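Contents: one structure, followed by commentary.
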Amino acid sequence: MFEGFSTVVYHIGASVLGILPISIVMGLVFAGLTFFWACNPGQPWWRKRDLATDVCYWFIIPLLARYLRIGFLVLGAALLFGIAGEGDLLAFYQDGHGPLAALPLWLQVAIFLVGSDLIMYWSHRLFHGPTMWKYHAVHHSSKELDWISAARFHPVNIMLGSVAADVAMLLLGISPQALVILGPFTTAHSGFVHANLNWSLGPLRYVIAGPVFHRWHHTSADQGGEKNFASTFPVLDLIFGTFYLPKATLPASYGVADQTFPGDFGAQMIHPFKQ
């Protein structure tokens, strides 16, 4: 029992230490960039009123996502392929399986990125529906939107969003190495699109999601709050009619309509279950 507890503590510590360096780099980079190209004037990110809440999300949610991902992968292998036991599971997932695993790794990475983005586009739209919004409202609750707001997700949202997309692509046969390779990009890009930058990316705005594109999504529903659902590829919004990027103005205000929405981490975890 003690050995198992020690292993969990070790992995938690290793995950936190893994997140810390990239967090420091991102904090410094975005502090410098927003000094010159801020989308919205105001306090720098480290003076946010709800910074403590964002820090909790930034370190806790990736750790939770990791264990949820592992749990669903184990469950999926057992239910879909009848595979159980640590050795068999490791062998099954190590290099992927089926036709997709035979493809070059770079192509697997590309398929993973496109496939998971398509899945998350539709799950994102689902979370904007009347049933699931109470969970997704947590992500939209930040009034001072910045890079560190990127991890502000309720566990239910992260479980049925990015975790479900990752698990689906791995169960289809893509090698876990694709997920490992994409990990740093996903973290950096998520921080980038939430950063307080006035970058619309010019002609690249249709190729990859940028700060202004995603910041419109964090505005009220009558502005861009019901648009721009794609995490990575805005072309999905073009295809499905939800692209929104006006040229003459920038997004200015963020948050949810509910003025009583709690601001601290613990209360936000409980709030959806009170609805």
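Numerical summary
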| read-out | value |
| --- | --- |
| Search result, residues across the stretch 257-273 that are under 16 Å from Ser149 (Cβ atoms) and either assigned to a helix (DSSP H, G or I) or touching a Gly at 6+ places or on another chain (Cβ under 9 Å) (or both) | Phe261, Phe265, Gln268 |
| In the stretch 85-144, the residues that are closer than 12 Å to Ala178 by Cα and acidic (Asp, Glu) | Asp95 |
| Lone qualifier among Gly210, Gly183 - being under 26 Å from Ala110 (Cβ atoms) and free of Cβ contacts under 8 Å to residues at least 12 places away in the same chain | Gly183 |
| Residue check, Phe5 open to solvent by 60 Å² or more (accessible area, probe 1.4 Å), at negative phi, in a helix (DSSP H, G or I) and modelled with pLDDT of 85 or more | no |
| Selection within the stretch 242-257 - in contact (Cβ under 8 Å) with a residue 60 or more places away in the chain and closer than 21 Å to Trp37 by Cβ | Leu250, Pro251, Ala252, Ser253, Tyr254 |
| Leading residue by the ranking (farthest from His194 (Cα to Cα)) among those in the stretch 114-153 that are part of a loop (DSSP other than H, G, I, E, B) and under 11 Å from the mean Cα position of the chain (by Cα) | Phe153 |
| Pairs where the first residue, in the stretch 258-275, is among the aliphatic types (A, V, I, L, M) and the second is open to solvent by 30 Å² or more (accessible area, probe 1.4 Å) and part of a helix (DSSP H, G or I), C-beta under 8 Å, 6+ apart | Met269/Pro155 |
| Matching residues, the stretch 257-270, being modelled with pLDDT of 95 or more and either under 13 Å from His140 (Cβ atoms) or of a type in the set (Phe, Trp, Tyr) (or both) | Phe265, Gln268 |
| Candidates Ala168, Ala164 - the one that is in a helix (DSSP H, G or I), more than 29 Å from Asp258 (Cα to Cα) and either open to solvent by 20 Å² or more (accessible area, probe 1.4 Å) or modelled with pLDDT under 95 (or both) | Ala168 |
| Residue list for the stretch 171-203, filter: under 16 Å from the mean Cα position of the chain (by Cα) and either among the polar types (S, T, N, Q) or outside any helix (DSSP H, G or I) (or both) | Thr186, Thr187, Ser190, Ala195 |
| Residues of the stretch 204-241 classified as open to solvent by 10 Å² or more (accessible area, probe 1.4 Å) and in a loop (DSSP other than H, G, I, E, B), total | 12 |
| Selection status of Thr242, modelled with pLDDT of 95 or more and in contact with a Lys or Arg (Cβ under 6 Å, 6 or more places away or on another chain) | yes |
| Conditions (1) outside any loop (DSSP other than H, G, I, E, B); (2) at pLDDT below 95; number of the one not met by Ile158 | (2) |
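The values are calculated or read from the model by the stated rules, or taken from the named source; none is laboratory data. Since the structure is predicted, the reported quantities are computational estimates derived from the model, not experimental observations. Cβ: placed from backbone, ideal geometry, glycine included. Neighbour counts: every protein chain shown. What goes into the accessible areas is simple: the full protein's heavy atoms, side chains included, and nothing from ligands, DNA or RNA. Shrake-Rupley method; radii C 1.70, N 1.55, O 1.52, S 1.80 Å.
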